[in-house]
Amino acid sequence: MATNVLCEVNSCSFWATGNKCDAAAIYVVSSRSDDQASTSEETDCKTFVKKDEHPYSEN
């Protein structure tokens with residue numbers, strides 16, 4: 001299992017310094033209706049939570 005997940009979406013509540021994802025688990029899905037992604041552009045990170053919307057956010 002990956003322990004060093006990189007993420008450049010600094011508006012996500014799980015984004016950490018050094019472009020790291022600090023989420024305990026990552027959930028990625030296909031954005032295609034047939035669930036058969038062929039490129040990274042055809043995937044979506046469902047772990048994303050906007051910083052000011054995270055239930056445990058200190059903001």
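The values are calculated or read from the model by the stated rules, or taken from the named source; none is laboratory data. Here the structure is a predicted model, which means the values were calculated and not measured. Positions of Cβ are backbone-derived with ideal geometry, glycine not excepted, and every protein chain shown enters the neighbour counts. These accessible areas exclude ligands, DNA and RNA; they are computed on the full protein's heavy atoms, side chains included. Shrake-Rupley method; radii C 1.70, N 1.55, O 1.52, S 1.80 Å.
Test of understanding: what is the full-extension gain from THR3 to LYS51, defined as 0.36 nm times their sequence separation minus their Cα-Cα distance? So the extension gain works out to 15.1 nm.
Where does each of THR39, THR17, THR47 land when they are ordered by accessible area, with a 1.4 Å probe and the largest first? Write out the running numbers ahead of the final one.
Details: THR39 65, THR17 125, THR47 20 Å².
Correct descending sequence by accessible area is THR17, THR39, THR47.
With an 8 Å Cα cut-off and a minimum separation of 6 or more residues, compute the relative contact order for the chain in percent. Answer for the chain is 31 percent. Near the amide H of TRP15, within less than 5 Å, lie the amide hydrogens of ASP22, all on another chain or at least 5 residues away, with H placed in the peptide plane. Per-residue SASA remark: PHE14, around 50 Å² accessible (1.4 Å probe; ligands, DNA and RNA not included). Annotation: extensible slack from GLN36 through ASN10 equals 6.6 nm (criterion: 0.36 nm per residue apart, minus Cα-Cα distance). Hydrodynamic radius of the chain by the Kirkwood approach over all distinct alpha-carbon pairs: 12.6 Å.
Net charge near ALA37, counting Lys/Arg +1 and Asp/Glu -1 over other residues with Cβ under 15 Å of its Cβ?
Numbers: positive: ARG32, LYS46; negative: ASP34, ASP35, GLU41, GLU42, ASP44.
Neighbour charge sum, excluding ALA37 itself: -3.
Restricting to DSSP loop positions (anything but H, G, I, E, B) with no more than 14 other Cβ atoms inside 10 Å of their own Cβ, which GluC sites (Glu not before Pro) remain in the range 1-57?
Values: sites: GLU8, GLU41, GLU42, GLU53; in loops: GLU8.
Sites meeting the loop and neighbour criteria: GLU8.
Per-residue SASA remark: ASP44, around 60 Å² accessible (1.4 Å probe; ligands, DNA and RNA not included).
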